Amino acid sequence: MTQTGLPTFDNTVQTTNTWLNDLMLELGKDDRHLAYAAMRSVLHALRDRLTVEHASALGAQLPMLVRGFYYEGYKPHGKPTRERRKDQFLAKIRREMRRGPALNAGDSELMAKAVLHTIKRHLGDGTMERLAKTLPKDLRELI
């Protein structure tokens with residue numbers, strides 16, 4: 001493990017690695033870059049679909065390093081976006097992954113479910129249940 005000399009930084013790197021390791025297990029892939037890209041893409045799609053208040057509430061609960069890439073490029077104006085159907089949400093994830101491996105609809109759904117399950121495991125059922133209530137029915141089934 002990299003030691004920065006700052007316990008807060010060392011802890012967030014360790015926690016983020018734990019989340020990525022758990023996600024790799026969920027995905028059944030030993031690919032840290034894929035796990036990072038999946039987590040980032042799904043978090044961006046989710047963040048943009050939430051109201052600014054709900055996006056901020058979720059962001060406040062994420063580990064510092066995850067929170068950093070969660071907010072990367074965030075523009076709260078015009079949020080939430082209007083994806084109401086699962087296929088629209090998954091298409092957004094595929095667009096976010098454009099710099100990574102090509103994804104089909106099944107891959108993006110698997111990634112979305114794996115990321116959301118990993119977040120749920122670390123933040124607890126209550127957090128994801130509250131978020132699910134703010135989403136259209138078609139998107140709730142991913143959680």
* **Crossing angle, helix 105-123 versus the chain [Cα axis fit, 0-90 degrees, rounded to tens]** => 60
* Between beta-carbons, use under 9 Å as the cut-off and find the net charge around residue 143, counting Lys and Arg +1, Asp and Glu -1. => +1
* To do: Among [x] -0.25, -0.38, -0.54, -1.05; [y] -0.25, -0.37, -0.51, -0.94; [z] -0.56, -0.71, -0.81, -1.04, find the value of log10 I(q)/I(0) by the Debye sum over Cα atoms at q = 0.09, 0.11, 0.13, 0.18 Å⁻¹ that was calculated from the structure presented, and write down its label.
  => [x]
* Using just the helices of the chain, give the 222 nm mean residue ellipticity in deg cm²/dmol: DSSP H runs with n ≥ 4 each add -39,500 (n - 2.57), and the total is spread over all residues, rounded to 500. => -22000 deg cm²/dmol
* the stretch 39-143: GluC sites (Glu not before Pro) in DSSP loop, at most 14 other beta carbons within 10 Å -> 72, 141
* Structure fact -> Candidate cut points under trypsin sites (Lys or Arg not before Pro) in the stretch 30-116, DSSP loop plus at most 14 other Cβ atoms within 10 Å of their own Cβ, are 82, 84, 85, 98, 99
* Considering only 54, 122, 77, give the residue with the highest GNM mean-square fluctuation for the chain, with springs between Cα atoms whenever their separation is below 10 Å. => 77
* Take the Cβ-Cβ distance between residue 9 and residue 98 as r, set R0 to 22 Å, and report the resulting FRET efficiency rounded to the nearest 0.05. => 0.15
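Within the set of other residues whose C-beta is less than 14 Å from the C-beta of residue 26, count the net charge using Lys and Arg as +1 and Asp and Glu as -1. Mind showing how you got there, number by number?
On the way: positive: 29, 32, 113, 120, 121; negative: 22, 30, 31, 107, 109.
So the surrounding residues net to 0.
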* Asked: If Lys and Arg each add +1 and Asp and Glu each add -1, what is the summed charge of the other residues whose beta carbon sits under 14 Å from the beta carbon of residue 79?
  -> +2
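Coordinate-derived values only; no laboratory data. Only a predicted model underlies this, so the values are computations on that prediction, with no experimental measurement involved. Every residue, glycine as well, gets a Cβ built from its backbone with ideal geometry; the counts of neighbours run over all protein chains shown.
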